[in-house]
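J.: After the structure tokens below, expect a handful of questions from me.
The values are calculated or read from the model by the stated rules, or taken from the named source; none is laboratory data. No experiment lies behind these values; they were computed from the predicted model shown. Virtual Cβ from ideal backbone geometry, glycine too; neighbours counted across all protein chains shown. Side chains are part of the model used for accessible areas, which takes the heavy atoms of the whole protein and leaves out ligands, DNA and RNA. Shrake-Rupley method; radii C 1.70, N 1.55, O 1.52, S 1.80 Å.
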Amino acid sequence: MTLTLESVTQATVAFLDKLFARAPLENVSIRLWDGTVWPDDNPRAATVVLKHPGALRAMLADGTAKSLGEAYVRGDFDVEGDIEKAVELAVALEHRPSGWLDSLTSYYQLHRLPTTPRYPLEAAEEWKGARHSPDRDREVVAFHYDVSNDFYRLWLDQEMVYSCGYFETPDATLDAAQAAKFRLVCRKLRLRPGQRVLDLGCGWGGFARYAARVCGVDVLGVTLSGQQAGLAMQRNHEAGLDGRVKIELRDYRYLQSAEGFDAVVSIGMAEHVGRENLTDYFTKVRSLLKPGGVFLNQAIGEGRQASRFHGPSFVDAYVFPDSDIPPLPTVLEAAETTGLEIRDVENLRDHYILTLRHWLRRLEAGREQACARVGESTYRVWRLYLAASAHGFDHGDLAVYQTLLARPHIDGHLELPLTRRDWYEG
């Protein structure tokens, strides 16, 4: 039986009434293709706009958060207003007691709605080689970071720092927060002129240049992204730091240093390592550190709420292939088994919420330029990813930890101050 548009509207509203009867949405309303608004006309932070009669079926038929995200990327629905608040829709669906379609009646109701052709998206679902092998890591890093330097430049800060900032005040600018993060990292490492520093996953070289310029250290930065390495070297040259900062396109696993580094820093790289490889990761870092040297590892991890969506991952397919964010105890245990000593741990979750909201607002403000550079689908992938990440940090599903580790001398001693006072004074 062919449904009329009016009957499709009625069927869609009836299905939404049933779907959210026990889990009403507080921040989201849904507007149908004909202007009908569900559940009512009261203003809410976000409005999900169904673009055609088959939109709801496209969003929900597969029953996964991944398919819901794909429907947004394809343009089956749009989000007006605060897209971070709209993530409530996915969370409400995921945490329904019996799943999205909790009865044959619901399944039947949904599948009576119209269907539309679904074209394939450019995803990262199939990779050759073993997970976290050097060749595969090089490919997945390129997938994520080699989108376009111009694209990242639209929404990152001036130094293009793609990691959590440090907000000394809630209203600090993004540039100020990233500079404050660099300053804090340098103080935790207690860098001094003439030291040698290794920056793992150096990105576009922002920290390496800061440490060389402000602390007088020599820095080797390594990355697997060709676009990052190229722009980092260009910026080093423009800053007159060619003699102090060296950038290499290299896998950290192949690094060797007979004399060792005084300090190692890894800011937002460990998420690519994989929990099964953490011991090898920390073993490698320890081998590169001088006795008495220190290592600051900043990485996202599971938060206290730590609830993951069921089914295939949208993030793994379209944003961060092979990424892994193990809980902090797993990371610390791996570090300690290699002979590194834990000296300090700080959770910067609140700072990542602010960072992501800055990124999201800047990306949305640059929508036209972003679409011109990378296309509408890629813009939508990143808008959704940043919004969902902000929601995750805000609700405790995600955290980000700065962990300071040290390699003791063979007799166990370390030349470190008794207090952290110097990190915050002067």
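J.: Relative to the longest principal axis of the chain, what angle (0 to 90°, nearest 10) does the C-alpha long axis of helix 226-238 take?
T.: 50 degrees
J.: So, for the chain, what is the accessible surface per residue at a probe of 1.4 Å, expressed in square angstrom? Don't skip to the answer; put the middle values down first.
T.: Values: 19000 Å² over 426 residues.
Using a 1.4 Å probe on heavy atoms only, each residue of the chain averages 45 Å².
J.: While we're here: Quick one: of K66/K128; K128/K284; K128/K188; K66/K188; K51/K128, which pairs are farther than 29 Å apart, Cα to Cα? Walk me through the intermediate numbers first.
T.: Working: K66/K128 22 Å; K128/K284 25 Å; K128/K188 39 Å; K66/K188 39 Å; K51/K128 37 Å.
Beyond 29 Å: K128/K188; K66/K188; K51/K128.
J.: Here's a follow-up. Taking the Cα centre of the chain as origin and charging only Cβ (+1 Lys, Arg; -1 Asp, Glu), how large is the dipole, in debye to the nearest 20?
T.: On the way: 49 positive and 59 negative charges, 114 e Å.
Computed charge dipole of the chain: roughly 540 debye.
J.: Determine the percent antiparallel among the DSSP beta bridges restricted to the chain, to the nearest 5. Could you put the intermediate results ahead of the total?
T.: On the way: 22 of 46 bridges.
Percentage antiparallel, nearest 5: 50.
J.: Is the stretch 176-227 best put as rounded, prolate or oblate by its Cα gyration tensor, with a ≥ b ≥ c the root eigenvalues, rounded for a/c under 1.5, and otherwise prolate when a/b is larger than b/c, oblate when not?
T.: On the way: a/c = 2.13, a/b = 1.30, b/c = 1.65.
Verdict is oblate for the stretch 176-227.
J.: Let me ask something additional. Quick one: pull the percent of accessible area on the chain belonging to carbon and sulfur, 1.4 Å probe, ligands and nucleic acids left out.
T.: Details: 9590 of 19000 Å².
Answer for the chain: carbon and sulfur cover 50 percent of the accessible area.
J.: Roughly what percent of Cα-Cα pairs across the stretch 250-342 reach past 16 Å? Could you put the intermediate results ahead of the total?
T.: Numbers: 2527 of 4278 pairs.
Counting pairs separated by more than 16 Å, the tail of P(r) holds 59 percent.
J.: Rg and Dmax of the stretch 117-217, Cα atoms, in Å?
T.: Radius of gyration, then largest Cα-Cα span, for the stretch 117-217: 17.6, 62 Å.
J.: Among the GluC sites (Glu not before Pro) in the stretch 183-270, which ones are in a DSSP loop with at most 12 other Cβ atoms within 10 Å of the Cβ? Mind listing them? Mind showing how you got there, number by number?
T.: Details: sites: E238, E248, E259; in loops: E259.
In loop regions of the stretch 183-270 (DSSP not H, G, I, E or B), the sparsely surrounded GluC sites (Glu not before Pro) are E259.
J.: Give the distance, in whole Å, between the Cα centre of the stretch 387-426 and the Cα centre of the stretch 197-216.
T.: 18 Å
J.: When the helix-only estimate is applied to the chain (DSSP H runs of n ≥ 4, each -39,500 (n - 2.57), divided by the residue count), what is the mean residue ellipticity at 222 nm, nearest 500 deg cm²/dmol?
T.: Working: 17 runs with 183 residues, N = 426.
Result for the chain: -13000 deg cm²/dmol, rounded to the nearest 500.
J.: Taking the Cα atoms of the chain, what is the range of coordinates along each of the three principal axes, in descending order and whole Å?
T.: 79, 45, 42
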